[in-house]
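Structure first, commentary second.
The values are calculated or read from the model by the stated rules, or taken from the named source; none is laboratory data. Remember, it's a predicted structure, so these values are computed and weren't measured experimentally. Using ideal geometry, Cβ is built from the backbone for each residue, glycine included, and neighbour counts are taken over all protein chains shown.
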């Protein structure tokens, strides 16, 4: 064989290896492309993205044409390499078998590096760039090889029953998957936390965030009218429950702005106040926050009385409480502004025992357990399993806690700091 024919064979060999690299890289690039980014680009009018989406819409055809093309060019590579090996063997006086063996070894290495591993690695690192290039060629090949691809897919589906059960939820993300993706989304931290907060609403119940009944401020109609007026003038709340005797006997909810209509009148009576009281709205304590948020919107309410399975009032929940689960505290750092959390120079924080564990975690960026007791007092008693009769200390995960004040079988105050900060 003359040099011209040998040079042609080497040219064909390089061409077929490049074709093999194209098919290998196209498969990896298209399959590794971010489908949600492609959909977004397609909505913006990107034709390249739309072509890739069209290819991905029928993955069996796509894989079929890629494998047909890859198998064909690899077969041609083997044939050309064999011819080259035999030609070189005869030129150097080596047997054809030896030439074929050497060419097979060199070919295997070349195909692995330049036809498989290299292109696929590049495509994995730059999937959309490779997919865009492939989207120009593969649709044409799908048209040319349509009969062969159709026959191949039919035969394959018959043998392996691959399309027997179609998945209607293809390309749909579950809540857990979306939660994981949002952890890595390029967004400002506050925006990411808001989206995560929305996803977590279903995992949090009204009972987890309610204001316990012991802390509920309201109007007791059995009090003197002067005391009631003082409460209305001094409260910083916008809505107050109105009850008779104790909180389980709620008569309604008073919007404090309505108090301006009667506070200035002479001889104010409790009957005058009741004219502005709206009927109470009750919420089961096990209601998920997402459902309760929708109920607040539907009922046009901003405050609900939380009741247990026996109908006893356990506390109140407000629309603001739910929104804070999404956007965070409406105030700044609670340790700087909350009167129930006082920082000390030694790293401790003096806290009121009635504070919600969730509020402490959110405000202090801690991770105290929330799967049991709802308040700091309850959490400490749950760990001690007894009601202490004096000042005691305990370690809970990464925290060191000292009970400072006990009254009425509850912990009124405790000091906490991270365990890492505790000196040995």
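Would you check if there is a residue in the stretch 362-381 being touching a strand residue (DSSP E or B) at 6+ places or on another chain (Cβ under 7 Å), more than 24 Å from residue 314 (Cα to Cα), at pLDDT 90 or above and not assigned by TED's automatic domain parsing to the domain that holds residue 212?
No, the stretch 362-381 contains no residue that is touching a strand residue (DSSP E or B) at 6+ places or on another chain (Cβ under 7 Å), more than 24 Å from residue 314 (Cα to Cα), at pLDDT 90 or above and not assigned by TED's automatic domain parsing to the domain that holds residue 212.
Take residue 64 and tell me if it is at pLDDT 90 or above, within 27 Å of residue 148 (Cα to Cα) and surrounded by 14 or more Cβ atoms within 10 Å (Cβ to Cβ). Let's see the steps before the verdict.
Details: at pLDDT 90 or above: no; within 27 Å of residue 148 (Cα to Cα): yes; surrounded by 14 or more Cβ atoms within 10 Å (Cβ to Cβ): yes.
Criteria not met by residue 64.
Filtering the stretch 261-286 down to residues that are in contact with a strand residue (DSSP E or B) (Cβ under 6 Å, 6 or more places away or on another chain) and in contact (Cβ under 8 Å) with a residue 60 or more places away in the chain, which residue is surrounded by the fewest Cβ atoms within 10 Å (Cβ to Cβ)?
286
Considering only the stretch 159-184, how many residues are assigned to a loop (DSSP other than H, G, I, E, B) and either modelled with pLDDT of 80 or more or more than 13 Å from the chain's Cα centre (by Cα) (or both)?
12
Condition test on residue 14, is it within 29 Å of residue 106 (Cα to Cα), without any contact (Cβ under 8 Å) to a residue 60 or more places away in the chain and assigned to a helix (DSSP H, G or I)? Let's see the steps before the verdict.
Working: within 29 Å of residue 106 (Cα to Cα): yes; without any contact (Cβ under 8 Å) to a residue 60 or more places away in the chain: yes; assigned to a helix (DSSP H, G or I): yes.
Considered against the rule, which asks whether it is within 29 Å of residue 106 (Cα to Cα), without any contact (Cβ under 8 Å) to a residue 60 or more places away in the chain and assigned to a helix (DSSP H, G or I), residue 14 comes out as yes.
Checking residue 326 against (1) modelled with pLDDT of 90 or more; (2) surrounded by 15 or more Cβ atoms within 10 Å (Cβ to Cβ), which single condition isn't satisfied?
Only one criterion is unmet by residue 326, namely (1).
Is one or more of the residues making up the stretch 398-407 part of a strand (DSSP E or B), surrounded by fewer than 11 Cβ atoms within 10 Å (Cβ to Cβ) and either modelled with pLDDT under 90 or out of contact with any helix residue (DSSP H, G or I) (no Cβ under 8 Å at 6 or more places or on another chain) (or both)?
Initial filter on the stretch 398-407 (part of a strand (DSSP E or B)): 399-407.
Among the residues that remain, those that are also surrounded by fewer than 11 Cβ atoms within 10 Å (Cβ to Cβ) are: 407.
Okay, now just the ones that are also either modelled with pLDDT under 90 or out of contact with any helix residue (DSSP H, G or I) (no Cβ under 8 Å at 6 or more places or on another chain) (or both), so 407.
Yes, because at least one residue in the stretch 398-407 is part of a strand (DSSP E or B), surrounded by fewer than 11 Cβ atoms within 10 Å (Cβ to Cβ) and either modelled with pLDDT under 90 or out of contact with any helix residue (DSSP H, G or I) (no Cβ under 8 Å at 6 or more places or on another chain) (or both).
Regarding residue 156, is this residue surrounded by fewer than 11 Cβ atoms within 10 Å (Cβ to Cβ), closer than 17 Å to residue 67 by Cα, more than 19 Å from the chain's Cα centre (by Cα) and modelled with pLDDT of 75 or more?
Values: surrounded by fewer than 11 Cβ atoms within 10 Å (Cβ to Cβ): no; closer than 17 Å to residue 67 by Cα: yes; more than 19 Å from the chain's Cα centre (by Cα): yes; modelled with pLDDT of 75 or more: yes.
For residue 156, the condition - surrounded by fewer than 11 Cβ atoms within 10 Å (Cβ to Cβ), closer than 17 Å to residue 67 by Cα, more than 19 Å from the chain's Cα centre (by Cα) and modelled with pLDDT of 75 or more - is not met.
Is it the case that the stretch 36-48 has a residue that's more than 19 Å from residue 121 (Cα to Cα), in contact (Cβ under 8 Å) with a residue 60 or more places away in the chain and more than 28 Å from the chain's Cα centre (by Cα)?
In the first step, residues of the stretch 36-48 are kept if they are more than 19 Å from residue 121 (Cα to Cα); the result is 36-48.
Of the ones still in play, those that are also in contact (Cβ under 8 Å) with a residue 60 or more places away in the chain are 37-38, 48.
Next, only the ones that are more than 28 Å from the chain's Cα centre (by Cα) stay: 48.
Checked the stretch 36-48: at least one residue is more than 19 Å from residue 121 (Cα to Cα), in contact (Cβ under 8 Å) with a residue 60 or more places away in the chain and more than 28 Å from the chain's Cα centre (by Cα).
Among the residues of the stretch 287-308, count how many are in contact with a strand residue (DSSP E or B) (Cβ under 8 Å, 6 or more places away or on another chain) and free of Cβ contacts under 8 Å to residues at least 40 places away in the same chain. Give the steps one after another, and end with the answer.
To start, the set of residues in the stretch 287-308 that are in contact with a strand residue (DSSP E or B) (Cβ under 8 Å, 6 or more places away or on another chain) comprises 287-289, 292, 295-296, 302-308.
After this cut, where a residue has to be free of Cβ contacts under 8 Å to residues at least 40 places away in the same chain as well, the list is 295-296, 307-308.
Total meeting the criteria: 4.
Restricting attention to the stretch 199-231, and to residues there that are closer than 30 Å to residue 289 by Cβ and free of Cβ contacts under 8 Å to residues at least 60 places away in the same chain, which single residue is surrounded by the fewest Cβ atoms within 10 Å (Cβ to Cβ)? Don't jump to the end; show me each part of the working.
Initial filter on the stretch 199-231 (closer than 30 Å to residue 289 by Cβ): 199-220, 231.
From the residues that got through so far, the ones that are free of Cβ contacts under 8 Å to residues at least 60 places away in the same chain too are 199, 217-220, 231.
Working: 199: 15, 217: 13, 218: 19, 219: 23, 220: 17, 231: 18.
Ranking the qualifying residues of the stretch 199-231, first place goes to 217.
Given the criterion at pLDDT below 85 and either surrounded by fewer than 17 Cβ atoms within 10 Å (Cβ to Cβ) or within 17 Å of residue 9 (Cβ to Cβ) (or both), identify the matching residue among 82, 72, 121. Let's see the steps before the verdict.
On the way: 72 fails: at pLDDT below 85; 121 fails: at pLDDT below 85.
Answer to the check: 82.
From 382, 402, grab the single residue that is without any contact (Cβ under 8 Å) to a residue 12 or more places away in the chain and within 14 Å of residue 353 (Cα to Cα).
Values: 402 fails: without any contact (Cβ under 8 Å) to a residue 12 or more places away in the chain.
On inspection, the qualifying residue turns out to be 382.
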